[in-house]
Amino acid sequence: MIGYTPHELDLRAHPDTARFDDGRRILAVAKGILPFPYISPGLAVFFYAGMPDAEQARAAVEAAAAVLASAFSVRFAPRITLAGGTRHYILGAVLPSGMRLEIAALAGHFDSQDTPVPAPELAEAAA
């Protein structure tokens, strides 16, 4: 029989435990396949904004989305945001722990018929 110390039981009941576990799972899934993500307590982001070739960036984002969607059983929703004067194409999903999982790339690489309608914050910023 395996027992837990009171300290271990407190750790298991901590509200951030699920997000810690998701953070570790994200790193395990990404290892050797995806770039190292930025991880904070409520957000994990894979950045592809530094890729200059549009075709290569689109392929990398699609591959990352497929790997992460399969590993975490989530569906990504696209949106376009504006950060520091640069438009970003972001695929986002929320894991059961509440942690947001995002894949970010330059929006210019995704401008086509398939590009989603800009987010409201873009319309306000353009006005």
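Please determine whether any residue of segment 25-33 is without any contact (Cβ under 8 Å) to a residue 24 or more places away in the chain and part of a loop (DSSP other than H, G, I, E, B).
Yes; the residues of segment 25-33 include at least one that is without any contact (Cβ under 8 Å) to a residue 24 or more places away in the chain and part of a loop (DSSP other than H, G, I, E, B).
Of all residues in segment 78-106, how many are more than 23 Å from Asp21 (Cα to Cα) and either hydrophobic (A, V, I, L, M, F, W, C) or assigned to a loop (DSSP other than H, G, I, E, B) (or both)?
In the first step, residues of segment 78-106 are kept if they are more than 23 Å from Asp21 (Cα to Cα); the result is 78-90, 105-106.
In the following step, the residues that additionally are either hydrophobic (A, V, I, L, M, F, W, C) or assigned to a loop (DSSP other than H, G, I, E, B) (or both) were identified as 80, 82-85, 90, 105-106.
Adding up the residues that qualify gives 8.
So Ala65 passes all but one of these: (1) touching a helix residue (DSSP H, G or I) at 6+ places or on another chain (Cβ under 8 Å); (2) aliphatic (A, V, I, L, M); (3) surrounded by 16 or more Cβ atoms within 10 Å (Cβ to Cβ). Which condition number does it fail?
Condition not satisfied by Ala65: (1).
Applying the selection to segment 83-105, what residues are under 23 Å from Phe36 (Cα atoms) and modelled with pLDDT under 90?
Answer for segment 83-105, where residues must be under 23 Å from Phe36 (Cα atoms) and modelled with pLDDT under 90: Ala83, Gly84, Thr86, Arg87, His88, Pro96, Ser97, Gly98.
Among the residues of segment 75-107, write down those that are within 9 Å of the chain's Cα centre (by Cα) and small (Gly, Ala, Ser).
Result: Gly92, Ala93, Ala104.
Within segment 40-70, track down each residue that is in contact (Cβ under 8 Å) with a residue 40 or more places away in the chain, among the β-branched types (Val, Ile, Thr) and more than 9 Å from Ala105 (Cβ to Cβ).
If the condition is that a residue be in contact (Cβ under 8 Å) with a residue 40 or more places away in the chain, among the β-branched types (Val, Ile, Thr) and more than 9 Å from Ala105 (Cβ to Cβ), then Val45 is the only one that fits.
Limited to segment 41-62, what total is found for residues that are more than 11 Å from the chain's Cα centre (by Cα) and not in a loop (DSSP other than H, G, I, E, B)?
Within segment 41-62, residues that are more than 11 Å from the chain's Cα centre (by Cα) and not in a loop (DSSP other than H, G, I, E, B) number 8.
The values are calculated or read from the model by the stated rules, or taken from the named source; none is laboratory data. Remember, predicted model here, so these are calculated numbers, not experimental data. Every residue, glycine as well, gets a Cβ built from its backbone with ideal geometry; the counts of neighbours run over all protein chains shown.
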